[in-house]
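See structure below.
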Amino acid sequence: MAHQKGVEVGEVVQSGPALAFLVYPEVVLAIAPSPFWAFLFFIMLLNLGLDTQFSSVESLMTGLVDNWPEQLRPHRKKFTLGMTVFMCLLGLPMITRGGIYVFQLMDFYAASGLSLLWCVFFQTIAICWVFGAKKFYLCIEEMIGYRVSMYWYVCWVFLAPAFMVFIFVFYFVRYSPITMGAYHYPAWGEVLGFAISLSSMLWVPGYAIYYLLSTKGSWSEVLRQGVTPVIKPRKEAVMAEEKARLTYQDVRDVELNIEGDLSDESFDS
């Protein structure tokens, strides 16, 4: 495409919504048969969006319902429906005539910005350094039935946090104001963008400060209590695990009895 237009590659392919909705479709039209590839391309985009929405909404609903199980669990379907309608209404401004500018602001500062990296970093620290990477490693083994490579253990504990810190620092070192083509956002637009980022980032240190101030005890005791995982398995999970263990033991007893009978028959013969 750059050769056909006589321009540099950087002037043709740029990050942002134009990459998916302008550049890629133009590439697809150049491949025969173009209607077939265009159909596959937009079906792929549709499935990608649906998959992202399912995982995002389900993780949000699970966290909220688990936090208030008595109030929300009996009405989970209605609560999920209400939240999806609410989030749909929040997205309506993005399909107005100036919605692309709102979309670019949200995409730059929320969806693919430092706020996502910030939250993922602390999630990694909480799981691998507070809960314990070895415990997490054993949990995965119990779920899938075999041990994964130690490469993943090294990634969880060292490589992933190190790369996140590097990217976070590099983001501020190479930061440039947001633009939309030739349009440069005003100063209040950048302030709004950082406010969007901080709306999800401030909850991590905010809750830590709230926990330190509201929990009784000395600072060292509160800090030790705060980083000590308190995980109580649900009654259903304990019953299911015990049932599975008993079932496995029953099957094993039957196998041993069959082996014993076969050994006796061989000895008699």
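The values are calculated or read from the model by the stated rules, or taken from the named source; none is laboratory data. Keep in mind the model is a prediction, meaning the values are calculated, not measured. As a convention, Cβ positions derive from the backbone with ideal geometry for all residues, glycine included, and neighbour counts pool all protein chains shown. When the accessible area is computed, the model is the full protein with side chains, heavy atoms only, and any ligands, DNA or RNA have been set aside. Shrake-Rupley method; radii C 1.70, N 1.55, O 1.52, S 1.80 Å.
List of remarks:
- Residues that are of a type in the set (Val, Ile, Thr) and over 19 Å from the mean Cα position of the chain (by Cα), drawn from segment 131-156: Ile144, Val148, Val154
- The single residue among Ile178, Ile167 that is surrounded by 11 or more Cβ atoms within 10 Å (Cβ to Cβ) and at pLDDT 85 or above turns out to be Ile167.
- Index of the failed condition, Tyr101 passing every other in (1) more than 19 Å from the chain's Cα centre (by Cα); (2) closer than 19 Å to Gln53 by Cβ: (2)
- Among the residues making up segment 200-216, those that are without any contact (Cβ under 8 Å) to a residue 12 or more places away in the chain and assigned to a helix (DSSP H, G or I) are Trp203, Pro205, Gly206, Tyr207, Ile209, Tyr210, Leu213, Ser214.
- Failed criterion for Arg97 (all others in (1) among the basic types (Lys, Arg); (2) assigned to a helix (DSSP H, G or I); (3) over 25 Å from Val204 (Cα atoms) hold): (2)
- Residue in segment 63-77 that is touching a residue at least 60 places away in the same chain (Cβ under 8 Å), in a helix (DSSP H, G or I) and under 28 Å from Phe168 (Cβ atoms) present: no
- When residues of segment 185-225 are limited to those that are surrounded by 13 or more Cβ atoms within 10 Å (Cβ to Cβ) and closer than 16 Å to Tyr101 by Cβ, the one nearest to the chain's Cα centre (by Cα): Ile196
- Remark: pairs (first residue in segment 27-42, at pLDDT below 85 and polar (S, T, N, Q); second residue outside any loop (DSSP other than H, G, I, E, B) and open to solvent by less than 100 Å² (accessible area, probe 1.4 Å); Cβ separation under 7 Å; 6+ apart in sequence or on different chains) = Ser34/Val28.
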